[in-house]
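The values are calculated or read from the model by the stated rules, or taken from the named source; none is laboratory data. All of these numbers come straight from a predicted model, not from anything done at the bench. Note that we place each Cβ from the backbone using ideal geometry, even for glycine, and neighbour counts take in every protein chain shown. All accessible areas refer to the heavy atoms of the entire protein, side chains included, with ligands and DNA or RNA removed. Shrake-Rupley method; radii C 1.70, N 1.55, O 1.52, S 1.80 Å.
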Amino acid sequence: MMSGGVGKYTHIENQPQVSGSVPAVPDPGHVTVQFTDSNLQTFPPSGSQGKISGGSRPPRDADDTFSKPISGPDERQQGGWFQTFTIAAYKPYFDVDTTDVLERIKDSLFPFRGTFTEKTANNPDLYGPFWICTTLIFVAASIGTFVTYIAHKLQKKEWNYDINLVTWSAGVFYGYVLLVPLALYVILKYFSAPSGLVQLFCLYGYSLFVFIPALCFSVVPLEIFRWVIAGVAGFMSATFVALNLRAHIMSAGERWFLIVAGIFLLQLALSVVLKLYLFTVTV
């Protein structure tokens, strides 16, 4: 320490003990500190609980790149027809579980209830119809191949695998489920009784399930039995579709009966075609 402007220094060790330049504050005793109530178990906190409350928000031009999903050209084209060609547009129609599919299959086996469209009005699916048609193609090809193989072997004739059975089955089942509901959709819209296109796909897809056990019964080598099986399956399928569409088509006016009758007969015609080409064994 310098004193008196003279270049003399005094060591700090030689100075008397000082208490410091800040006076000591007397101890006031026990002080109770109260905190405001806070719900610390609420996670994530709401907007009013955070440090940035409703009255103190960041400016509108703040960089929120990491808080917003990256938007590409696909997201800017989500309106109109562009949405039809995206996977996200069809995702809700495959959002079903096993319980839903089994329940709808059970309804298709009891065609006189006529409550299928009411149950599926809010959640029609394409998952069940797709796998029903795919299973039908596999069953038709495998059962048809097995039956013809046994018939040829019993008569001691040469047997050759027919690949056309697979392609023909795929064309019939996929084509029927796609084209017939689409045509019916246009007809109902023309008669001012429009119906959902996906709901029609769903209805016609589940209506074909009854043909799966019918094809399995076709292994019985009795022609009259095969005709009975094909007729019963066709009648159940046609009744299922007609009764579920009748209440809706009645709003089309006086021609509703002709439309329902056409739907019923077309479904019966499908069963006849299946009998002639799948339920019949030729050697």
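Overview of values
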{"read-out": "Restricting the stretch 101-112 to residues that are touching a residue at least 12 places away in the same chain (Cβ under 8 Å) and in a loop (DSSP other than H, G, I, E, B), the residue that is surrounded by the most Cβ atoms within 10 Å (Cβ to Cβ)", "value": "111"}
{"read-out": "Counted residues, the stretch 216-261 - those being farther than 30 Å from residue 148 by Cβ, open to solvent by less than 30 Å² (accessible area, probe 1.4 Å) and among the small types (Gly, Ala, Ser)", "value": "2"}
{"read-out": "Any helices (runs of 4 or more DSSP H) falling wholly within the stretch 132-217 and containing at least 1 residues that are among the hydroxyl-bearing types (Ser, Thr, Tyr)", "value": "164-190, 197-207"}
{"read-out": "For residue 275: the one exception among (1) charged (D, E, K, R); (2) touching a residue at least 24 places away in the same chain (Cβ under 8 Å); (3) open to solvent by 10 Å² or more (accessible area, probe 1.4 Å)", "value": "(3)"}
{"read-out": "Qualifying residue in the stretch 216-228 (condition: touching a residue at least 24 places away in the same chain (Cβ under 8 Å) and under 20 Å from residue 110 (Cβ atoms))", "value": "yes"}
{"read-out": "Residue among 200, 136, 184 that is among the hydrophobic types (A, V, I, L, M, F, W, C), within 22 Å of residue 103 (Cα to Cα) and touching a residue at least 40 places away in the same chain (Cβ under 8 Å)", "value": "136"}
{"read-out": "Single condition residue 225 does not satisfy, out of (1) modelled with pLDDT under 90; (2) part of a helix (DSSP H, G or I)", "value": "(1)"}
{"read-out": "Residues satisfying the stated conditions in the stretch 159-211, i.e. open to solvent by 30 Å² or more (accessible area, probe 1.4 Å) and either in contact with a His (Cβ under 7 Å, 6 or more places away or on another chain) or of a type in the set (Ser, Thr, Tyr) (or both)", "value": "159, 161, 167, 174, 185, 190, 192"}
{"read-out": "Residue satisfying condition, being among the aliphatic types (A, V, I, L, M) and either under 25 Å from residue 232 (Cβ atoms) or under 13 Å from the mean Cα position of the chain (by Cα) (or both), within set 121, 140", "value": "140"}
